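Only one structure is covered here, and it is reproduced in the block below.
The values are calculated or read from the model by the stated rules, or taken from the named source; none is laboratory data. As the structure is a computational prediction, the values presented were derived from the model and not from experiment. We place every Cβ from the backbone using ideal geometry, glycine too, and count neighbours over all the protein chains shown. Accessible surface is based on the protein model in full, side chains and every heavy atom, while ligands, DNA and RNA are left aside. Shrake-Rupley method; radii C 1.70, N 1.55, O 1.52, S 1.80 Å.
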Amino acid sequence: MKKLTIGILAHVDAGKTTLSEGLLYQSGTLRKLGAVDKGTAYLDSDNLEKKRGITIFSHMARIQNENSELLLLDTPGHIDFAQEMEETLSVLDYAILVVSASEGLTAYTQTLWNLLKNHKIPTFIFVNKMDTLKADKEKVLQDLRTLDDNCVEFGDEGSDFYEKIATADEAFLEEYLKSGQIKDEEIRDLILQREIFPVYFGAALKLNGVAEFLQGLDKWTKKIEYSEEFASRVFKISHDKKGERLTWLKVTGGELRAKTELMPDEKVNEIRLYNGTKYQVVSSAQAGEIAAVSGLKTTYPGQGLGFERDQTNFTMQPVLTYAVQTAPDKMHATLTALRQLEDENPQLHVKWDKQAEEISIDVMGKIQLEILQQILHDRFGLKAEFAQGKILYQESIKDSVEGVGHFEPLRHYAEVHLLLKPGKLGSGLVFKNECSLEVLPKKWQDQVMESLANKEHLGVLTGSPLTDMEITLVGGRGSNVHTVGGDFREATYRALRQGLMELKAQNQVSLLEPWYQFTLRINQEQVGRAINDIEKMGGKFEIGESDHDVVTITGQAPVAQMQDYATEVRNSRMAVVNLSAYLQAIGNVKIVLKYLSQLIMIQFLILVTRLILFFALMVQVILLLGMKCQIMLNIRIYNLKIA
């Protein structure tokens with residue numbers, strides 16, 4: 001029997017958790033069908049999820065099918081919790097993308113599609129809510145084919161079914177034209193290779209099409225082959241009700257046994273196989289299994305163990321930073337609690353400013369803030385507020401340069417040469433070592449590479465974090481007599497800064513600004529107002545087709561200008577019902593904001609203008625005083641003449 005890890009992804013309110021509930025019910029895992037709006041959904045087990053009716057944390061369930069066991073990972077659909085969704089992608093064999101027939105392809109659905117494409121995950125599509133009045137099957141299929149031409153309807157395996165599949169590949173088309181058929185195994189291969197994407201239609205709330213979809217998952221998926229050598233990938237960190245730290249991982253090779261030392265001084269104490277909130281403890285987990293293990297203290301999402309490499313360069317990045325406000329005597333307890341939450345979600349980037357005695361965190365949006373506030377209260381008994389958020393800018397470079405760093409105070413010496421190159425958009429910081437051992441011994445090379453990896457590097461424009469750069473160690477020098485512990489660390493940081501300062505002088509450093517991608521559905525009479533708002537925010541937009549007097553506008557705008565716009569629209573009742581689809585972030589859509597020289601020039605012009613106005617005012621004052629003195633003198637002369 002094949003064991004497959006399948007993730008289910010969707011835009012919020014597309015019916016993702018309802019479909020999960022339907023799959024569990026149809027497979028016999030659940031005896032009674034739960035409902036999201038009633039807080040009885042099997043996979044929305046957290047109290048916060050029941051209260052809000054949305055998925056906040058990823059959850060797992062097991063489905064026994066005729067020929068397969070499906071390990072179903074239900075992921076958050078709201079953009080504010082997209083980071084947890086993205087962390088699960090690294091362990092998926094297949095994905096289910098749920099699309100709402102009434103809303104169509106939202107900006108966030110397109111973002112999910114791009115993520116699945118980047119991770120090369122075979123994808124099944126379930127078009128939900130086909131029972132609504134707005135549902136148009138042909139239009140949805142047409143929209144899906146804008147994502148990929150090979151989105152093929154699988155629910156109806158009629159006479160033209162194999163013909164549609166054959167057109168996805170020239171070799172298969174040739175075979176089909178000769179024999180008039182295609183083998184099922186060949187279709188499975190096409191799906192696994194992302195050459196075709198099966199599309200199913202239904203209404204999960206009424207269980208329409210759910211059984212057929214479940215059968216399709218069983219029929220059209222392939223067994224995954226694993227290596228006998230042990231490996232695993234971490235995708236989630238959590239804490240149970242007793243405070244036990246759990247590392248959620250997928251075994252991608254060999255076997256994981258309890259009491260195994262996976263890292264220095266860190267052993268697996270307990271292996272749990274979860275199904276919803278329930279679990280069983282086992283002595284070992286085979287390749288293909290998803291397990292939550294206790295005993296590991298330094299694991300993190302995206303970490304690779306064994307032959308697996310780390311995958312921590314996530315696309316979905318926070319765009320706002322907030323200061324945490326709490327009672328002075330609770331500051332330490334709040335910081336400790338936030339550190340634990342950061343352990344579960346590293347993207348929080350909890351920072352402590354000793355001088356200002358202030359805690360700050362990075363978040364995706366205000367819904368995430370509200371959830372954090374509630375978690376601090378419920379789990380830790382702490383009250384906290386959040387000050388007005390700031391925009392998270394980043395910095396990058398546009399040209400290559402070699403930075404040289406020297407550190408040579410008395411009885412110390414180290415020299416480092418770093419080659420800085422622009423990286424691909426969204427690549428983050430990449431560290432490489434191309435230094436010969438004849439130039440610099442391995443122990444010193446290791447110190448340089450460790451220094452690069454263990455620090456958040458800041459730019460030279462606004463002090464924002466660096467991104468999308470390739471930093472390569474190409475040379476260096478040390479002294480057997482004078483070089484000690486931290487010398488190469490200091491020289492490394494100086495080499496990086498020296499290179500950045502040189503590029504800054506050449507106007508080759510850029511400031512990157514986060515943007516939102518949005519989808520707005522409004523009545524026709526409100527289109528003019530919406531366009532005016534978007535233009536004021538400096539955004540870009542396209543007007544789509546109108547449907548029953550409802551117009552869809554898609555586009556992008558800076559986070560700095562648009563972060564509160566969704567709330568304004570909601571309060572003014574400007575848009576139609578589905579406001580949850582209104583504002584979508586796509587990680588950091590980076591654009592060059594301004595170069596430092598431009599910023600300095602603007603500030604300089606403002607300063608010069610103020611000085612000119614000041615001197616002009618002073619001249620006027622002096623002239624007025626002169627005129628006053630002249631008048632007083634004339635009056636005095638006149639009085640003397642009269643006397």
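A few comments on the model shown:
- Pick from the stretch 33-63, criterion open to solvent by less than 10 Å² (accessible area, probe 1.4 Å), touching a residue at least 40 places away in the same chain (Cβ under 8 Å) and not β-branched (Val, Ile, Thr), ranking: farthest from Thr88 (Cα to Cα): Leu43
- Taken together, the residues in the stretch 106-135 that are part of a loop (DSSP other than H, G, I, E, B), in contact with a strand residue (DSSP E or B) (Cβ under 7 Å, 6 or more places away or on another chain) and either more than 18 Å from Lys206 (Cα to Cα) or among the charged types (D, E, K, R) (or both) amount to 5.
- Subset of the stretch 438-466 [of a type in the set (A, V, I, L, M, F, W, C) and open to solvent by 10 Å² or more (accessible area, probe 1.4 Å)]: Val439, Trp444, Met449, Ala453, Leu458, Val460, Leu461, Leu466
A quick yes/no check of all residues on (1) within 27 Å of Glu308 (Cα to Cα); (2) without any contact (Cβ under 8 Å) to a residue 24 or more places away in the chain; (3) acidic (Asp, Glu):
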position	(1), (2), (3)
Glu212	no, no, yes
Lys219	no, no, no
Lys222	yes, no, no
Asp240	yes, yes, yes
Thr247	yes, no, no
Gly254	yes, no, no
Lys259	yes, yes, no
Met263	yes, no, no
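- Looking across the stretch 428-459, not a single residue is on the phi > 0 side of the Ramachandran plot and not small (Gly, Ala, Ser).
- Some residue of the stretch 348-363 being buried (at least 17 other Cβ atoms within 10 Å of the Cβ), at pLDDT 90 or above and assigned to a helix (DSSP H, G or I): yes
- Taking the stretch 246-264 as the range and being open to solvent by less than 20 Å² (accessible area, probe 1.4 Å) and under 22 Å from Asn345 (Cα atoms) as the test, the residues that pass are Leu246, Thr247, Leu249, Lys250, Val251.
- Residues located in the stretch 438-493, provided they are in contact (Cβ under 8 Å) with a residue 24 or more places away in the chain, closer than 30 Å to Lys390 by Cβ and out of contact with any strand residue (DSSP E or B) (no Cβ under 8 Å at 6 or more places or on another chain): Ser451, Lys455, Arg489
- Index of the failed condition, Glu456 passing every other in (1) modelled with pLDDT of 90 or more; (2) charged (D, E, K, R); (3) within 21 Å of Met316 (Cα to Cα): (1)
- Among the residues of the stretch 302-318, the ones that are under 11 Å from Ser232 (Cβ atoms), assigned to a loop (DSSP other than H, G, I, E, B) and within 22 Å of the chain's Cα centre (by Cα) come to 2 in all.
- Condition met for Val509 (open to solvent by 10 Å² or more (accessible area, probe 1.4 Å), at pLDDT 85 or above and within 21 Å of Ile397 (Cβ to Cβ)): no
- Residues in the stretch 136-162 that are in a helix (DSSP H, G or I), free of Cβ contacts under 8 Å to residues at least 24 places away in the same chain and loosely packed, with under 15 Cβ neighbours inside 10 Å: 3 in all.
- Matching residues in the stretch 265-285 - criterion: being open to solvent by 40 Å² or more (accessible area, probe 1.4 Å) and free of Cβ contacts under 8 Å to residues at least 60 places away in the same chain: Asp265, Lys267, Asn269, Glu270, Lys278, Tyr279, Gln280, Val281, Ser283
- Out of Thr321, Thr299, sole residue that is out of contact with any Phe, Trp or Tyr (no Cβ under 8 Å at 6 or more places or on another chain), in a loop (DSSP other than H, G, I, E, B) and open to solvent by less than 30 Å² (accessible area, probe 1.4 Å): Thr299
- Selection status of Val401, touching a residue at least 40 places away in the same chain (Cβ under 8 Å), over 30 Å from Lys51 (Cβ atoms), of a type outside the set (D, E, K, R) and open to solvent by less than 40 Å² (accessible area, probe 1.4 Å): yes
- Candidates Glu66, Glu84, Glu21: the one that is part of a helix (DSSP H, G or I) and open to solvent by 20 Å² or more (accessible area, probe 1.4 Å) is Glu84.
- Test result for Lys223, at pLDDT below 95 and part of a loop (DSSP other than H, G, I, E, B): yes
The rows are residues; the columns are (1) closer than 20 Å to Arg194 by Cα; (2) at pLDDT 90 or above; (3) of a type in the set (A, V, I, L, M).
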site: Lys50; (1), (2), (3): no, no, no
site: Ile63; (1), (2), (3): no, yes, yes
site: Leu115; (1), (2), (3): yes, yes, yes
site: Ala135; (1), (2), (3): no, no, yes
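- Yes/no for Lys50 being closer than 29 Å to Ala135 by Cα and charged (D, E, K, R): yes
- Residue check for Ala171: over 23 Å from the mean Cα position of the chain (by Cα), open to solvent by less than 40 Å² (accessible area, probe 1.4 Å) and more than 16 Å from Ile96 (Cβ to Cβ): no
- The set of residues from the stretch 302-318 being polar (S, T, N, Q), surrounded by 20 or more Cβ atoms within 10 Å (Cβ to Cβ) and either modelled with pLDDT of 95 or more or out of contact with any Asp or Glu (no Cβ under 7 Å at 6 or more places or on another chain) (or both) comprises just one member, Gln317.
- Looking across the stretch 94-113, the residues that are open to solvent by 20 Å² or more (accessible area, probe 1.4 Å) and either under 25 Å from Thr299 (Cα atoms) or in contact with a helix residue (DSSP H, G or I) (Cβ under 9 Å, 6 or more places away or on another chain) (or both) come down to Leu105, Gln110.
- Test: residue in the stretch 467-475 that is modelled with pLDDT of 90 or more, buried (at least 22 other Cβ atoms within 10 Å of the Cβ) and small (Gly, Ala, Ser): no
- Just one of the listed residues (Phe197, Phe230) is surrounded by 17 or more Cβ atoms within 10 Å (Cβ to Cβ), at pLDDT 90 or above and in contact with a helix residue (DSSP H, G or I) (Cβ under 9 Å, 6 or more places away or on another chain), and it is Phe197.
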